[in-house]
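Notes for the one structure printed next.
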Amino acid sequence: MPRPHKQLHAWREPPSPRPAATILLLRDASGGPEVLMTRRSLTASFAPGVFVFPGGTLDPADSAPETLRAAVARSGQTHDEQAFSVAALREAFEELGVLLAYDSDGLIITQHAVDQLERDPDASLSSQLAAAGLRLAIDQVWHLRRWITDRDLPRRFDTHFFAARMPEGQQPLADGTEQFEPVWISPRLALERHSSGDFAMIFPTVRTLRGLADFRTVDNILAELANGPAWSVSCPRAGMLKGREARYAEGDPPFGELELVAPDGGGSHALDWQHHSPVPLLRHVWRLTAPNPGMMTGPGTNTYIVGDQEAGFAVIDPGPDYPEHVARIAALVGDRLRHIVCTHDHPDHWPGAKRLQAASGGVSHGLPGAGQHFERRFEPDQRLEDGDCLRIGDSTLRALHTPGHASGHLCLLLEEDHLLFSGDHIINGSTVVIDPPDGNMNDYLASLERLLELPTRFILPAHGWVLGDPAQAIRALIAHRLGRETKVIRALAETGPCEITQLVARAYHDVPVMLHQLAQRSLLAHLEKLAEDGRVALRDNRWRLLEK
């Protein structure tokens, strides 16, 4: 993590989460699978009045050896998985009167057998089952996900989500104390009603239902859980968007920024794109987004300011030559500007440098590339070569030559805080165009592999929010490019020798047609890489596969 004294907020230890379990009881219906949900009491201390799946905290008896010996488990179910499965089934019984258990003949029990049992939480379910000759059917329960309550909330749970088929013939009946209004509902309808405001749900419930919305049968869901990875864990984070609280899970574009700004989950960081004033990310790092949103720039080009009044400042990517944008940078740095670093020579990154120098001084740095598509050329005061370092007080910015998107592209590593300013080499929410001849796909992939070796904790891109899992983001980019390369090879095998304008429709069939002209530029980079690798050749303006 960045140095603690550079964080915006003092660390506050989040409350420890209590272990818990919940279960999605599923049934098939004419419109697809439905899930049993119930409304929590309006006086509940946690999530009052919202619709949930039955569940609750893990009881010590749920993991007791005698309890687990009396349950029927699948081969391979771990001790923890068995214990949390027991908790989920026990809570479903206490709250809704539904019990997934076997009778002495190995059959799922009927409603009549359920009615003979006492639902009082103070009555030992395991003792009642033993007396009746019944065994919990935890082998019919499949782990779905593990959600840990957000760090900023006062009451937290570490909840294992399970799924199982609803026992045939049993009818749910809410306990009238903790749970009310049991309802069968399809995931899609629940999400629609939630969006319209008449079916309140908390974030993990919403995300869980989204993951089930496209399944056609209960068998499909359970087969996916039986074959897929188990125990995936998520602990969401909260921010502010358009004046309202919004929550995000790992993999959501804003998650990394929330992790950087408030690692303990505290604070209320605004995620709206701010063009009028700098957004503090750390005590010595700000972001000011240029007002140049568009298809190629996303919300705009991010200018980063590093330093403080005592040590001076470095500005990374001053952006386009917009007087109002440059004036806002100058208002922050005043006459304390030491360095202006341009990550590459594309016109949304460097042209503001001259105007900023006129206002605040400083020396411009960068590594000019070919710049073949642009009328104006980038000419820094000083070349910044690979490995060169700039000092700003107690912070070191180390230059890393990362060609690919542009031949002179630089990333900057803030070494003491493990932050990577990635320019356009890595952006959040999309992939960048690799545009030959200045762009080169082999160089791009090699640069990504190099960045994987760095001790980086966060990536601060020129477009989009901060990325919080550098290794995952970089590997995803590599996998995406290699996946596209496979599609290019497959498309050439299907079409035979063809011009690039014909090939783009097949190789980028998953991209809107309106973007094919843009995609053709990266397609050329893929073809040139394949040519360098000896896989394809260009003859008579047609690309063709070469025999292995």
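Checked against the criterion of being open to solvent by less than 30 Å² (accessible area, probe 1.4 Å) and touching a residue at least 60 places away in the same chain (Cβ under 8 Å), the stretch 468-480 contains one or more residues that satisfy it. For the stretch 54-89, a tally of residues being over 13 Å from F162 (Cβ atoms), under 29 Å from the mean Cα position of the chain (by Cα) and assigned to a loop (DSSP other than H, G, I, E, B) returns 1. If you go through the stretch 1-53 and keep only what is hydroxyl-bearing (S, T, Y) and in a loop (DSSP other than H, G, I, E, B), you end up with S16, S30, S41, T43, S45. Residues that are farther than 30 Å from R207 by Cα, basic (K, R) and buried (at least 17 other Cβ atoms within 10 Å of the Cβ): does the stretch 127-139 have at least one? Checked the stretch 127-139: at least one residue is farther than 30 Å from R207 by Cα, basic (K, R) and buried (at least 17 other Cβ atoms within 10 Å of the Cβ). Open to solvent by 30 Å² or more (accessible area, probe 1.4 Å) and in contact with a Phe, Trp or Tyr (Cβ under 9 Å, 6 or more places away or on another chain), is that true of R247? It is true that R247 is open to solvent by 30 Å² or more (accessible area, probe 1.4 Å) and in contact with a Phe, Trp or Tyr (Cβ under 9 Å, 6 or more places away or on another chain). Every condition in (1) in a helix (DSSP H, G or I); (2) more than 18 Å from L410 (Cα to Cα) holds for W465 except the one numbered (1).
Per-residue answers, yes or no, for (1) in contact with a helix residue (DSSP H, G or I) (Cβ under 7 Å, 6 or more places away or on another chain); (2) in contact (Cβ under 8 Å) with a residue 40 or more places away in the chain:
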| site | (1), (2) |
| --- | --- |
| E385 | no, no |
| C389 | no, no |
| S395 | yes, yes |
| E415 | no, no |
| N428 | no, yes |
| P436 | yes, yes |
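Residues of the stretch 214-237 that are open to solvent by less than 20 Å² (accessible area, probe 1.4 Å) and outside any helix (DSSP H, G or I): S234, C235, P236, R237. For the stretch 253-274, the set of residues classified as surrounded by fewer than 18 Cβ atoms within 10 Å (Cβ to Cβ) and either within 17 Å of P299 (Cα to Cα) or of a type in the set (A, V, I, L, M) (or both) consists of P253, A270, D272, W273, Q274, listed by residue number.
Residue check: M296 meets all listed conditions (1) out of contact with any helix residue (DSSP H, G or I) (no Cβ under 6 Å at 6 or more places or on another chain); (2) surrounded by 22 or more Cβ atoms within 10 Å (Cβ to Cβ) but one, namely (2).
Looking for something among the polar types (S, T, N, Q) and out of contact with any strand residue (DSSP E or B) (no Cβ under 8 Å at 6 or more places or on another chain) - is there at least one such residue anywhere in the stretch 46-62? Spell out how you get there, then give the answer.
So in the stretch 46-62, the residues among the polar types (S, T, N, Q) come out as 57.
Of the ones still in play, those that are also out of contact with any strand residue (DSSP E or B) (no Cβ under 8 Å at 6 or more places or on another chain) are none.
No, the stretch 46-62 has no match at all.
In the stretch 494-508, the residues that are farther than 12 Å from A519 by Cα and in contact (Cβ under 8 Å) with a residue 12 or more places away in the chain form Cβ pairs under 9 Å with partners that are surrounded by 18 or more Cβ atoms within 10 Å (Cβ to Cβ) and among the small types (G, A, S), at six or more places apart or across chains, as follows: C498/A491.
In this structure, is S45 modelled with pLDDT of 95 or more and surrounded by fewer than 17 Cβ atoms within 10 Å (Cβ to Cβ)? In short, no. For beta carbons closer than 8 Å, sequence separation of 6+ or different chains, a first residue in the stretch 236-264 that is within 15 Å of P204 (Cα to Cα) and among the aromatic types (F, W, Y) and a second that is open to solvent by less than 50 Å² (accessible area, probe 1.4 Å) and in a helix (DSSP H, G or I), the qualifying pairs are Y248/F255; Y248/L258.
Exactly one residue among L515, L503 is part of a helix (DSSP H, G or I), under 21 Å from P437 (Cβ atoms) and either open to solvent by less than 70 Å² (accessible area, probe 1.4 Å) or touching a Gly at 6+ places or on another chain (Cβ under 9 Å) (or both), and that residue is L503.
Restricting the stretch 142-201 to residues that are aromatic (F, W, Y) and open to solvent by less than 40 Å² (accessible area, probe 1.4 Å) leaves a set whose member that is nearest to the chain's Cα centre (by Cα) is W147. Tell me, yes or no, whether the stretch 384-398 has at least one residue that is surrounded by fewer than 16 Cβ atoms within 10 Å (Cβ to Cβ), β-branched (V, I, T) and in a strand (DSSP E or B). Checked the stretch 384-398: at least one residue is surrounded by fewer than 16 Cβ atoms within 10 Å (Cβ to Cβ), β-branched (V, I, T) and in a strand (DSSP E or B).
Of all residues in the stretch 451-490 being among the hydrophobic types (A, V, I, L, M, F, W, C) and under 20 Å from W286 (Cα atoms), which is nearest to the chain's Cα centre (by Cα)? Show your work before the answer.
We begin by selecting, within the stretch 451-490, every residue among the hydrophobic types (A, V, I, L, M, F, W, C); these are 451-452, 454, 458-460, 462, 465-467, 471, 473-474, 476-479, 482, 488-489.
This time we only want the ones that are under 20 Å from W286 (Cα atoms), so: 458-460, 462, 465-467.
Details: F458: 13, I459: 14, L460: 15, A462: 18, W465: 11, V466: 11, L467: 9 Å.
Taking the candidates together, the pick is L467.
Of all residues in the stretch 109-133, those that are within 16 Å of T67 (Cβ to Cβ) have Cβ atoms under 6 Å from Cβ atoms of residues that are open to solvent by less than 40 Å² (accessible area, probe 1.4 Å) and of a type in the set (D, E), 6 or more apart or on another chain, in P121/E94.
Report whether or not S104 is open to solvent by 40 Å² or more (accessible area, probe 1.4 Å), of a type in the set (S, T, Y) and either farther than 19 Å from W142 by Cα or assigned to a strand (DSSP E or B) (or both). So S104 fits the description; yes. Taken over the stretch 7-42, residues that are over 22 Å from T149 (Cβ atoms), in contact with a strand residue (DSSP E or B) (Cβ under 8 Å, 6 or more places away or on another chain) and open to solvent by 20 Å² or more (accessible area, probe 1.4 Å) amount to 5. Can you find even one residue in the stretch 429-451 that is of a type outside the set (A, V, I, L, M, F, W, C), open to solvent by less than 30 Å² (accessible area, probe 1.4 Å) and within 18 Å of V315 (Cα to Cα)? For the stretch 429-451, residues of a type outside the set (A, V, I, L, M, F, W, C), open to solvent by less than 30 Å² (accessible area, probe 1.4 Å) and within 18 Å of V315 (Cα to Cα): absent.
L545 falls short on exactly one of the conditions (1) in contact with a strand residue (DSSP E or B) (Cβ under 8 Å, 6 or more places away or on another chain); (2) open to solvent by less than 50 Å² (accessible area, probe 1.4 Å), and that condition is (2).
The values are calculated or read from the model by the stated rules, or taken from the named source; none is laboratory data. Predicted, not measured: the structure shown is a model, and the values here were computed from it. A quick note on method: Cβ atoms are made from the backbone with ideal geometry, for glycine too, and the neighbour counts reach across all protein chains shown. To get the accessible areas, we keep the full protein, side chains included, count just its heavy atoms, and leave off ligands, DNA and RNA. Shrake-Rupley method; radii C 1.70, N 1.55, O 1.52, S 1.80 Å.
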